[in-house]
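Working notes, beginning with the structure itself.
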Amino acid sequence: MQPVLFMSLLSNKCLGKGRVSERERLQWRVAAELLWTGAMSSRRGLISLDQPRKIGHNLPVVSLDSIENVRNVGGMSVKHEINRKDEEFDASRKPPFSLGQLRAAIPKHCWERSLSRSFSYVVRDVAIVVTLAYVAVYFDSWFLWPVYWLAQGTMFWAIFVLGHDCGHGSFSSNKSLNNLVGHILHSFILVPYHGWRISHRTHHANHGHVKNDESWYPMTEGLFITLDFWGKFGRLNFPATLFAYPAYLWWRTPGKSGSHFNPSSDLFDPSEWKEVATSTTCWLTMVAISMTSVSQVGFLFVFKLYFVPYIVNVMWLDAVTYLHHHGYEKQIPWYRGQEWSYLRGGLSTIDRDYGLFNEIHHDIGTHVVHHLFPQIPHYHLREATAAVRPLLKSYYREPQKSGLFPLHLISVMMKSFSEHHFVADECDIVFYQKSTNAK
């Protein structure tokens, strides 16, 4: 294999075509030529078992007035140097700070959970939900129903976020109370609380990992090419992807099996069987209440009052969770193998500005600190983020400022779904690549 071709394959396959600077391409070419020279000098033109290690260890300096960086590509560490002045910031570089340093920078009161404050948000959101429903039923006007659907669906999503805090234990210090409130809130919007809580815990513990992450993780190229039309349509086509959450609860995502409703699913340990069964029972109770309501007042009435807002809530959930891990203006690194760490995975998440909805959705857009420290209550996330910003520096992706409504994020999602299709099957640091045959 010629050195230039070797360098091209490495950069295109592992780093994503078009995402490598000219300086880095030069550095890869030097490394490739060294490997090529070693290969040609080896018996039968092959590199010996220990030669990659020797070559990688003795790579020369390729840059001036710079710092050393080691990147793992295809399982081999290649040394090169990056000029601080000329080179763009490399988000996949190991951060110069630790998780402990970030934790120490956050004020102590940010970790404190206030039961009264948490319940005040529940009371507020439930009051708004009841008021909106009352007004919609009272006027029963087709001119007002669409406004109701958008407003109520937004509040359903706010209810989800409060249940989400219960799942993380940031609602209160009482685990039993967290689970009780979480069950009530999530069952109301047809989410199996413990089933979701456990899989979401897996997501946080493995964020940014190509294989082990649970939510909106990238497909590998090998998996992508095996998907049928509907598999690709459901994952890559906007706005169809905004309706994916109920299907995810039932069947997870391509490449993984299991159900959030089945206590015997691969998602759960045997010790969690009772918790999952309890949540599924609560979910079935809500379904029964809905069906009883249909029989009493008619399908159309329940559809307008409850099911359309539920669908709007699902759209919010899918959009927000996707945007927290995709769609930044510069490619975001994903990891596997020894390159992954809890800190690096968490730093791959993105904060978003949702304008008017920041307060309504309990600052769910303040996501980086939340992913690293999910125990922090939502009402302290902004202050905690401000405290760690001086340490994060360029590792923090400044959110684009939103107007009153976050309409700018629609184009962000559309662009991401059209370009971010899969990552390489190999390599420990990978970036999204675009398929030439996405549909």
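The values are calculated or read from the model by the stated rules, or taken from the named source; none is laboratory data. As the structure is a prediction and not an experimental result, all values here were calculated from the model. Note that each Cβ is placed from the backbone with ideal geometry, even for glycine, and that neighbours are counted across all protein chains shown. Accessible surface is based on the protein model in full, side chains and every heavy atom, while ligands, DNA and RNA are left aside. Shrake-Rupley method; radii C 1.70, N 1.55, O 1.52, S 1.80 Å.
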Which whole-number percent is the relative contact order of the range 91-433 (Cα, under 8 Å, 6+ apart)?
24 percent
Which of the trypsin sites (Lys or Arg not before Pro) found in the range 338-415 are loop residues per DSSP with 10 or fewer other Cβ atoms within 10 Å of their Cβ?
K401
Pop out the carbon and sulfur fraction of the accessible area of the range 91-433 as a percent, whole number, probe 1.4 Å.
65 percent
Placed amide H near D353: partners under 5 Å, 5+ positions off or other chain
Q400
If you count only protein heavy atoms with a 1.4 Å probe, what accessible area per residue comes out for the range 91-433, rounded to a whole Å²?
44 Å²
Per-peptide average of other Cβ atoms within 10 Å, ordering 163-171, 284-292 highest first:
163-171, 284-292
In Å³ and rounded to a whole number, note down the convex hull volume per residue for the Cα atoms of the range 91-433.
145 Å³
Table column - 3J(HN,Hα) (Hz), the range 368-382, Karplus curve with 6.51, -1.76, 1.60, x for Gly and Pro:
5, 5, 4, 5, 6, 9, x, 6, 6, x, 4, 7, 10, 5, 5
At 0.890 mPa s and 25 °C, Stokes diffusion of the range 263-362 via Kirkwood alpha-carbon radius, µm² per second
138 µm²/s
State log₁₀ I(q)/I(0) for the range 201-296 at q = 0.13 Å⁻¹ as given by the Debye formula over alpha-carbon point scatterers of equal weight, solvent excluded.
-0.59
